[in-house]
1. Considering only the stretch 280-291, I want to know if a residue exists there that is surrounded by fewer than 23 Cβ atoms within 10 Å (Cβ to Cβ), in a helix (DSSP H, G or I) and more than 13 Å from the chain's Cα centre (by Cα).
2. Considering 113, 69, which residue is over 27 Å from residue 289 (Cα atoms) and not in a helix (DSSP H, G or I)?
3. Determine whether residue 11 is over 28 Å from residue 314 (Cβ atoms), surrounded by fewer than 19 Cβ atoms within 10 Å (Cβ to Cβ) and either modelled with pLDDT of 90 or more or not hydroxyl-bearing (Ser, Thr, Tyr) (or both).
4. Of the conditions (1) under 27 Å from residue 296 (Cα atoms); (2) over 25 Å from the mean Cα position of the chain (by Cα), residue 70 fails just one. Which one is it?
5. What's the total number of residues in the stretch 186-204 that are of a type in the set (A, V, I, L, M, F, W, C), out of contact with any Ser or Thr (no Cβ under 9 Å at 6 or more places or on another chain) and under 16 Å from residue 278 (Cβ atoms)?
6. Going by the structure shown, is residue 329 out of contact with any helix residue (DSSP H, G or I) (no Cβ under 9 Å at 6 or more places or on another chain), of a type outside the set (Lys, Arg) and on the phi > 0 side of the Ramachandran plot?
7. Scan the stretch 133-153 residue by residue and report those that are at pLDDT below 85 and either in a helix (DSSP H, G or I) or charged (D, E, K, R) (or both).
Amino acid sequence: MSLATDDGTDVSNTGAGNRSVDSPHRNGTLVVGLIISAVVLVLAAIASLAVGSRAIDPATVLQSLFSYDDENPLHLMVMELRVPRTLLGIIVGAALAVCGGLIQAFTRNPLADPGILGVNAGASFAVTFAVGVLGLTTPGAYVPFALAGAFVLTMLVYILGSFGASGATPMKLTLAGVALGAAFTGFTTAIVLRDHSTLQVMRFWGVGSIGGRTLDQLTWAVPLIVTGLLIGLLCARSLNALALGDDLAQALGARVRVTRVLVIIAVTLLAGTSVAAAGPIAFVGLMIPHIVRWFTGPDQRWVLAYSMLIGPSFLLFADIIGRVVLPNGEMRVGIVTALLGAPILIVLVRRKWVSGL
């Protein structure tokens, strides 16, 4: 947590219960870490363009990007198949990671994420309703429904978790999210099972995948996710104050209600658009903020900035593994993130100083 004292010194909570002064050396180290994270993301994007059922050397990849030849089959493979997939992985990875960080800070619960709080379940139910009841088939048509479902579930979880004299505690928010998420997952399953054509559409989408997308489908996803990321980053300083409690946050000048509204809007945009574009992908929003807090501490300004770079790298590498791990075909990225995320998260949560907010 970062607070300014009377003399202008920035005081931070290290996450282990101690307080230390942010020094120029530490800030410089974190800036260098951001640069390294950006370089890793670039390398992950290049690998995503080069690796697949047919390996393409990096020189050909760069040539297809800057000297495109529509008669070259390798250039066509890169531009028509792998570029949209890579771009979607970048924006969805950033959205899920930042969304997880926002929800964890908002609820003051290090185990919160869009899945545990039921946000993904609400978006998934709305998309399934659009497909199974209204007959919509294009991903772009899912967006309003996914956003509406994410927003409604976020509000319901917060309202139910706010009942009682203690208000919206992390435990009550988590219980409300798990309960509503389970209920809406049941509704989703009921819609899917009642119609075979809906089952065929949703069985692949429901696993979570960034493959099979086109550049045209990114035109609606990118603006919504970028807007959500910007809103989330603007809330970072206020979230630092909210971690101290509402009363102290107001005393420090934070606009608590405005911050909560903005965070809900950001979470709705990020989770709803991600689910509409790629399906529900687990563990990214839960795990990446944990990893980030390992070396940044609980300051949300650094947590969200790092999450925005490390989340896409993790998702792209998971997608690459899914392409090559099977002898025939590929494993959906949603399955790979779950297989990779579960053991990593178990290791992380066993170290209390890593998981603290």
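1. yes
2. On the way: 113 fails: over 27 Å from residue 289 (Cα atoms).
Result of the check over 113, 69: 69.
3. Values: over 28 Å from residue 314 (Cβ atoms): yes; surrounded by fewer than 19 Cβ atoms within 10 Å (Cβ to Cβ): yes; either modelled with pLDDT of 90 or more or not hydroxyl-bearing (Ser, Thr, Tyr) (or both): yes.
Yes; evaluated as a whole, the condition is true for this residue.
4. Of (1) under 27 Å from residue 296 (Cα atoms); (2) over 25 Å from the mean Cα position of the chain (by Cα), only one is false for residue 70: (1).
5. Of the residues in the stretch 186-204, the ones of a type in the set (A, V, I, L, M, F, W, C) are 187, 190-193, 199, 201-202, 204.
The next check asks that each one be out of contact with any Ser or Thr (no Cβ under 9 Å at 6 or more places or on another chain); those that pass are 190, 193, 199, 204.
Narrowing further to those that are under 16 Å from residue 278 (Cβ atoms): 204.
Within the stretch 186-204, residues that are of a type in the set (A, V, I, L, M, F, W, C), out of contact with any Ser or Thr (no Cβ under 9 Å at 6 or more places or on another chain) and under 16 Å from residue 278 (Cβ atoms) number 1.
6. Values: out of contact with any helix residue (DSSP H, G or I) (no Cβ under 9 Å at 6 or more places or on another chain): yes; of a type outside the set (Lys, Arg): yes; on the phi > 0 side of the Ramachandran plot: yes.
Yes, satisfied.
7. Matches in the stretch 133-153: 139, 140, 141, 142, 143.
Every residue, every condition in (1) in contact (Cβ under 8 Å) with a residue 40 or more places away in the chain; (2) touching a Pro at 6+ places or on another chain (Cβ under 6 Å), yes or no:
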| site | (1), (2) |
| --- | --- |
| 175 | no, no |
| 180 | yes, no |
| 193 | no, no |
| 198 | yes, no |
| 213 | yes, yes |
| 227 | yes, no |
| 235 | yes, no |
| 239 | yes, no |
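The values are calculated or read from the model by the stated rules, or taken from the named source; none is laboratory data. Note that the coordinates shown come from a computational prediction; the quantities given were computed from them, not determined experimentally. Here Cβ is always computed from backbone atoms with ideal geometry, including for glycine, and neighbour counts include all displayed protein chains.
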